[in-house]
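Only the coordinates and a few stated rules stand behind these numbers; no lab work does. Keep in mind that this is a model prediction, so the values were computed, not measured. Here the Cβ positions follow ideal geometry from the backbone for every residue, glycine too, while neighbour counts run over all protein chains shown.
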């Protein structure tokens with residue numbers, strides 16, 4: 001650890017100037033600090049940079065203006081692996097300010113920014129660019145700037161986890177290209193206000209490509225224009241608010257087929273873009289898509305983007321939840337590339353990527369975290385949606401088997417919530433542990449219809465909004481009527497799994513919680529000689545009288561806890 005080395009060097013250099021009392025105090029301070037670092041209770045700020053803060057916080061140069069509209073107009077050159085073009089950024093002035101932050105990641109170059117045909121001064125700070133505006137910014141005005149850029153964007157190494165642009169070829173040698181940028185940021189391939197808190201209200205996406213290819217982006221296709229230079233330009237329009245990492249380009253030798261789904265809000269256009277060689281295979285395999293829509297509209301409420309349609313788009317990586325343009329690369333297999341992540345066999349009942357990534361349309365695209373530290377909101381609910389899909393088609397016990405099976409993948413390495421204002425996400429346990437936390441909460445609600453209405457309320461109350469963890473916690477507590485403070489502190493903010501300790505002594509059951517936060521008092525359901533009963537343990541030992549000596553105790557498996565029989 002860097003802190004240990006530095007401390008020992010300083011101590012060695014200054015021993016002769018210190019008395020024993022001061023040396024003892026410093027050693028105590030060092031040991032305490034080291035312990036806190038080891039437990040993750042003290043943040044090592046040296047792990048973060050100025051760029052992390054500029055990327056992850058709502059800076060003064062961001063907060064004074066509210067996004068209203070983008071028009072991203074670009075040319076993609078597959079042979080050279082370059083992108084060039086411009087983004088028109090329209091905004092409403094909230095405060096009088098003259099400096100605006102625009103984000104664009106190296107090695108791309110922000111070459112020019114204009115407002116009202118006047119070129120503006122740009123101060124470049126690596127991936128953040130500070131634009132000095134010449135015209136006075138009056139509160140309430142709707143203004144715009146045009147950001148011009150060019151270059152070779154970062155190439156994805158292991159998309160979608162290590163994102164950028166994937167420059168691939170299909171089996172016929174045609175270009176097969178796609179963007180993916182969650183966490184890394186949309187500014188890896190286009191200039192924008194790269195923070196989750198401010199979603200643009202609507203957007204146009206114009207992409208010029210070689211004429212033998214097709215580009216699929218978000219929203220609805222408005223036109224395909226043939227140019228005079230062996231290129232075409234596809235024009236897409238997004239009518240709904242969209243988070244910036246949800247914006248995408250997908251370029252390939254695509255075939256298209258479609259269907260109309262009769263949904264809660266009427267007719268929903270469902271479009272599928274796949275490589276031409278996979279067309280017949282996709283027509284069969286993509287039957288999971290309308291099945292997904294039926295199950296998730298039942299549990300979560302209407303699909304949030306009827307105006308923009310729903311699309312599945314084949315890409316050269318596994319897949320991603322791009323809004324109304326969900327990307328697919330699961331090789332037309334059930335499960336996760338043919339594997340069942342739960343170990344139960346139930347994961348092979350559906351295509352993991354279709355179900356999981358489309359589930360994000362409700363949790364990630366409709367309800368979006370303000371800070372990536374709260375990404376559990378996206379991933380926990382969406383991972384939980386997998387077993388709700390199973391619940392809808394195969395029953396409650398099958399869905400419980402599945403989510404409980406995923407517990408084997410939980411690491412408990414760090415809390416689900418990351419560090420705020422630094423573009424830092426929490427543990428990958430936000431998937432499986434988060435799903436099991438929500439499955440546990442369903443047991444506490446103890447009413448399946450009420451639980452369904454709570455999930456639907458989340459999607460109606462926070463419709464097309466960015467939210468914090470506190471807002472989600474408060475809504476769940478209010479709608480359920482439960483005190484959930486200790487529950488969320490335990491599962492979201494620590495790596496500790498609650499332990500139910502119990503011991504049967506004659507006609508007495510002694511029980512308590514251990515390995516918990518101070519205010520954790522979660523009730524739990526147990527069976528005593530086959531008879532179901534609720535108990536409410538705390539950190540203090542409690543006693544329950546039994547009808548018979550040495551009764552057999554069974555703890556409900558649906559609660560994500562550890563059990564210690566003494």
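Observations on the model:
- Using R0 = 51 Å, the C-beta based FRET efficiency linking residue 414 and residue 98 works out to 0.80.
- A Förster distance of 60 Å, applied to the separation of the beta-carbon atoms of residue 398 and residue 122, puts the FRET efficiency at 0.60.
- The distance separating the Cα centre of the stretch 505-553 from that of the stretch 371-402 comes to 29 Å.
- Förster radius 25 Å - calculated FRET efficiency between residue 265 and residue 448 (Cβ-Cβ, nearest 0.05): 0.55
- Helix-derived mean residue ellipticity, 222 nm - over the chain, DSSP H n ≥ 4, -39500 (n - 2.57), to 500: -8000 deg cm²/dmol
- Mean-position separation - Cα centroids, the stretch 444-480 and the stretch 247-303, in angstrom: 27
- Stretchable slack from residue 519 to residue 483, in nm (0.36 nm times residue separation minus alpha-carbon distance): 11.9 nm
- With Cα atoms, 0 to 90° folded angle of helix 20-39 axis to the chain main axis: 70
- Relative packing of 203-212, 248-257, which averages over residues the other C-beta atoms within 10 Å, highest first: 248-257, 203-212
- Virtual spin-label span in nm between residue 155 and residue 58, 7 Å along Cα→Cβ: 3.9
- Taking 0.36 nm per residue of separation and subtracting the current Cα-Cα distance, fully stretching the chain between residue 222 and residue 473 would add 86.4 nm.
- Label selected from (i) 39, 31, 23; (ii) 44, 34, 21; (iii) 39, 27, 25, the criterion being semi-axes √(5λ) of the Cα gyration tensor in Å as computed here: (ii)
- Averaged over residues, the count of other Cβ atoms within 10 Å places the peptides 529-541, 362-374 in the sequence 362-374, 529-541, highest first.
- Here the residues 402, 431, 463, 261, ranked from fewest to most Cβ neighbours within 10 Å of their Cβ, fall in the order 463, 261, 431, 402.
- Contact order relative to length of the chain, as percent, for alpha carbon pairs under 8 angstrom and 6 or more apart: 9
- Segments 346-359, 544-557, 228-241 sorted - mean Cβ within 10 Å per residue, highest first: 346-359, 228-241, 544-557
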